[in-house]
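Participant: Shown below is the structure under consideration.
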Amino acid sequence: MSDTQVFRIWLKASAEKVWTALTDPEWTAKYAYAAPQFYELKKGGRLYSTATPEMRDYAAANGFEVPDTILDGEVLESDPPRRLVQTWRMLMDPTTAAEPYTMLTYEIEESSPGVQRVTITHETPGAPATAAMIRGNENAGAEGGGGWAWVLSDLKSLLETGKILTEA
Amino acid sequence: MTDDDRVFKALAAPSRRFLLDLLFARDGRTQTEMESELEMTRFGVAKHLKVLEEAGLVVVRRSGREKLHYLNPVPIRQIHDRWIDKYTEKHVATLIDLKRTLEEES
């Protein structure tokens, strides 16, 4: 495997709606891991994600703790609604938290009227545990979940049908 | 042709599945690198890669003068989710399961 992974999906939605779904905490709390993500959308701005009550309950029931901030990074480039470049580090696990920041690029391009081609490029040099996590497990309910492929599949379901996959 | 039709048509050819196998083993390869693994003309490999790219199964990324090919697992994930995922449990626990697994391994 190379140190770069690429994920692409086509979404029937406006570019603005896709941008909002990726960067607005109310929207990021609606799909995939359902943890809200907070962005300061300017060069040098901070981004972070907080643990959900469900994550806390699950952790408490299983005898370990989750940190308040489960993911962090820095915005390197924000060009709404087309391009977002940021660093990315998962803090929920000590192994990934100890790895260097990885680099994540979102590109939103209109492929035909009303359809956006969304490409995620995630560069993970020196971060093998992070790379394994984002690659995902075929079973989204298994350890680490389904990675970016599952996140994008769930986002598509939310934007195009208004429902996440578990409700479909 | 729908997106699904394109994916299934792309997967229907053994040579194209072999190209995906190559990228699954190690992606970020150039076309030239992949040509040496197949008994096929340069034109044939290019044609198959184009079909895979149009189906969304391969993403081409430029790096300097080179065109690197990456396996995009998202369309296969969507096929999975269409018939399997709705029967699985809610996913909130998944990241925490990862934490536990990695801690047990280390």
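Participant: Could you give the DSSP H helices of chain A that reach 20 angstrom or more along their long axis (alpha carbon positions) and whose average Kyte-Doolittle hydropathy is no lower than 0.0?
Facilitator: A:147-161
Participant: Please arrange A:HIS122, B:HIS80 by counting, for each residue, the other beta carbons lying within 10 Å of its beta carbon, fewest first.
Facilitator: By the 10 Å Cβ count, ascending: B:HIS80, A:HIS122.
Participant: Quick one: B:VAL60, A:VAL6, fewest Cβ neighbours within 10 Å first, how do they rank?
Facilitator: B:VAL60, A:VAL6
Participant: Provide A:TRP148, A:TRP27 in ascending order of the number of other Cβ atoms located within 10 Å of each residue's Cβ, fewest first.
Facilitator: Ranking A:TRP148, A:TRP27 by Cβ neighbours within 10 Å, fewest first, gives A:TRP27, A:TRP148.
Participant: Taking beta carbons within 10 Å but only from partner chains, what does the mean come to for residues A:6-13?
Facilitator: Counting Cβ atoms of other protein chains within 10 Å of each residue's Cβ and averaging gives 5.
Participant: Compute the Cα gyration tensor for segment A:80-140, then decide on rounded, prolate or oblate, letting a ≥ b ≥ c be the square roots of its eigenvalues: rounded whenever a/c is under 1.5, prolate when a/b is larger than b/c in the other cases, and oblate in all that remain.
Facilitator: Values: a/c = 3.18, a/b = 1.92, b/c = 1.66.
Prolate, since a/c reaches 1.5 and a/b exceeds b/c.
Participant: List every residue whose amide H lies under 5 Å from the amide H of A:GLY145, counting only residues 5 or more places away in sequence or on a different chain, with H placed 1.01 Å from N in the peptide plane.
Facilitator: A:ASN137
Participant: Applying the Karplus parametrisation 6.51 cos²θ - 1.76 cosθ + 1.60 with θ = phi - 60° to the phi angles of segment A:84-89, what ³J(HN,Hα) value in whole Hz is obtained for each residue in order, glycine and proline being reported as x?
Facilitator: 3J(HN,Hα) across segment A:84-89, in whole Hz: 9, 10, 8, 8, 8, 9.
Coordinate-derived values only; no laboratory data. Not measured: the values here are computed from a predicted model. Cβ coordinates were reconstructed from backbone atoms using ideal geometry, including for glycine residues, and neighbour counts include every protein chain displayed.
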